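Asks: What follows is a structure written as structure tokens; I'll ask about it next.
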Amino acid sequence: MTKYLYRYRPIKAVLDEFHELENQEIYFSTTDELNDPMEGFKDIFWLGDEIVWRNFTKHYILCALQTANYCFLAGDLFDPTVLNRIVFLVPQELPEAPIREIYERVSSEFMAEPATKAFLSLMAARTTPTRRTELTNYLRTLHSFALPIIINEYHERGLLPPQDKGPKPPAREKLRKNAIAMMEGVTKITSTEYPAEKISEALFAASEAANAQVMLINEYNLPNRHKQIPGVFLVNRFPSAYVAALDKLVHRNWYVACFAKTAQNHSMWSTYANGHRGVCLMFETTTNARDTPTLLIEQVTSASGSKDQPTKYSSSEVAHELTPVRYNSRYPAIDFFRSLGSISEYNLNTFWYSGEAGSYSDCREAVYAVPDVWRKSYWQTFAESALYKTHEWAHEEEYRIVLHSIFDMSTKDKRKLKYRFQDLAGIVFGARTDIEDKLKIMRIIDAKCAKEKRSNFKFFELRYIHNESRFQLFPLDLIKIKYS
């Protein structure tokens, strides 16, 4: 089993800007901060009965309404990630205020729309999964009906300036017929060579690509675009943003620290260590009972407080596993309606799985029939989704610590976690590390070794071997750590 694992770092991270070396900190990144655009991707599919699809549709109009409220008020403070918060809302949580009545009226009208009814009927009858591209297309079509309902409600209440009436009935009826025909047409796709699911996904992927181009052209030609961003988001981007935000309901946010199997990867030095100007930290790991390397890291593990006292957080050292990344062309599939692990049990049972007259969706049974089995499968899927990358990244030979917590880790400072200095076995200087940076690092290590009475710290340097056309690690044996 791997004893040493390596962490490539730029000089600004270990020294003058973030002081990771002096503070003995490992920074845990969000998926958005990583360089692979597929980080955090979930191959989610939707397959369920009439109850969950009805509640899904009600949730869509609820989120559209709340997003509209935000867009009308946000102005220059508009934040496109707002849906990541709104998506957790359920109708029961609306306050006893006009917004509850507005939602009930808007939702009732939207659910009565023939195109919405066709969508619900077709989705409930499906025996094959619907994936995000296809679902986004359906919602984009339904959005053409949802948004006018919301805006008309606001106009009727005097919350928006008066406007001309919406599309004439023939135009609306034509849109409705086309929407229903499109959705029904997908169910009739058959092929002896390819699964219907694959054909529909290809068709809708082409449609989404074309739609993205049209939106790009429209925004390019939009006068005073910066003042119209909230409206553009609400009208054009909401359906795809909503589907993306649904990921939050499946798995809670997770954060990652990346390590590598070797310190001699030329590409890694170029990408993650300032083109060989940075360093590579050498960590000595401890193997656990599962024969997996671990590293002790300090993190918040408990909290205490009262109504009259501020919350106090306590930290302790936790052994975190370093798990190898799997390089695969396919991501593990996740069943959305049976994987809503970020939603409270109360909201699951009173909204998402709740039908009429005390009935429940069949999806609920998959969760509650054998809870331990569901829980094990759920966390396995979570781990796999955080540890899959495509074959293009296999050269990195990456290991990861994947971190998630019930405590808030949304800010960068809360994701800087301390490791034990005794687990830092050595430092590798890059082929172009500046002499001044080397000296600063040596002084920091010298002081730390003196404090902890260590004399076994190792320094290495990466050098190019011309006659072998490769980089090689050279131990700097003449550098001796002494303490008095």
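None of the figures in this text is laboratory data; all of them are computed from the coordinates on show. A quick note: this is a predicted structure, and the numbers were derived from the prediction, not measured. Glycine also receives a Cβ, built like all others from the backbone with ideal geometry; neighbour counts cover every protein chain displayed.
Asks: Based on the alpha-carbon gyration tensor of the range 208-295 and its eigenvalue square roots a ≥ b ≥ c, which shape applies: rounded if a/c is under 1.5, prolate if not and a/b is larger than b/c, or oblate?
Replies: Working: a/c = 3.82, a/b = 2.02, b/c = 1.90.
Here the range 208-295 falls in the prolate category.
Asks: Within a Cβ distance under 10 Å of Arg132, other residues only, what is the Lys/Arg minus Asp/Glu net charge?
Replies: Values: positive: Lys42, Arg131; negative: Asp43, Glu134, Glu201, Glu208, Asp247.
Once positives and negatives cancel, what remains is -3.
Asks: Further question on the same structure: Given the -39500 (n - 2.57) contribution per DSSP H run of 4+ residues, what per-residue ellipticity at 222 nm results for the chain, rounded to the nearest 500 deg cm²/dmol? Working shown, then result.
Replies: Numbers: 16 runs with 201 residues, N = 484.
Helix contribution divided over all residues of the chain: -13000 deg cm²/dmol.
Asks: Could you give each residue of the range 396-413 its phi-based ³J(HN,Hα) in whole Hz, using Karplus coefficients 6.51, -1.76, 1.60 with θ = phi - 60°, and x for Gly or Pro?
Replies: Ordered by residue, 3J(HN,Hα) equals 6, 6, 7, 10, 9, 9, 9, 10, 9, 8, 6, 8, 5, 10, 6, 9, 4, 4 Hz.
Asks: May I pose another question? Order these by the 10 Å Cβ neighbour count, fewest first: His276, His395.
Replies: Values: His276 17, His395 12.
Ordered by Cβ neighbours within 10 Å, fewest first: His395, His276.
Asks: Relative contact order (percent) for the chain, with alpha-carbon contacts under 8 angstrom and 6 or more residues of separation? Present the calculation step by step, with values, prior to reporting the outcome.
Replies: On the way: 666 pairs, mean separation 125.3, N = 484.
Normalised by residue count, the contact order of the chain is 26 percent.
Asks: Among Phe45, Phe407, what is the fewest-to-most ranking by other Cβ atoms within 10 Å? Kindly include the intermediate steps, with their values, before the conclusion.
Replies: Values: Phe45 18, Phe407 12.
Starting with the residue having the fewest Cβ neighbours, the order is Phe407, Phe45.
Asks: Using a 10 Å cut-off on Cβ atoms, rank the peptides 110-121, 57-68 from the highest mean neighbour count down. Write out the running numbers ahead of the final one.
Replies: On the way: 110-121: 16.8, 57-68: 22.4.
Top to bottom by mean Cβ count within 10 Å: 57-68, 110-121.
Asks: Which of the peptides 312-320, 73-81 is most tightly packed, and how do the rest follow, going by the mean number of other Cβ atoms within 10 Å of each residue?
Replies: Working: 312-320: 12.9, 73-81: 11.2.
With the highest mean Cβ count within 10 Å placed first, the list reads 312-320, 73-81.
Asks: Past 32 Å, Cα to Cα: identify those pairs from Lys376/Lys458; Lys3/Lys414; Lys376/Lys448, in the order given. Mind showing how you got there, number by number?
Replies: Working: Lys376/Lys458 41 Å; Lys3/Lys414 28 Å; Lys376/Lys448 42 Å.
Violating the 32 Å Cα-Cα cut-off are Lys376/Lys458; Lys376/Lys448.
Asks: Let me ask something additional. When Ser455, Ser306 are ordered from fewest to most other Cβ atoms inside 10 Å of their Cβ, what list results? All intermediate terms of the calculation are to be shown ahead of the outcome.
Replies: Numbers: Ser455 10, Ser306 7.
The order, fewest Cβ neighbours first, is Ser306, Ser455.
Asks: Can you match Cα extents along the principal axes in Å to one of these, (i) 97, 66, 43; (ii) 87, 62, 53; (iii) 72, 59, 38, based on a calculation from the structure here?
Replies: (ii)
Asks: To continue, here is another question. At a Cα cut-off below 19 Å, give the lysines reachable from Lys198, other chains included and same-chain residues fewer than 8 away excluded.
Replies: Lys42, Lys188
Asks: Name the shape class, rounded, prolate or oblate, that the alpha-carbon gyration tensor gives for the range 203-351, where a ≥ b ≥ c are the square roots of its eigenvalues, rounded holds for a/c under 1.5, and otherwise prolate holds if a/b is larger than b/c and oblate otherwise. Let's see the in-between values first.
Replies: Details: a/c = 1.88, a/b = 1.33, b/c = 1.42.
Oblate, since a/c reaches 1.5 and b/c is not below a/b.
Asks: Does anything in the range 42-60 have its amide N under 18 Å from the 7 Å Cα→Cβ label point of Ala357, and if so which residues?
Replies: Answer for this model: 50-52.
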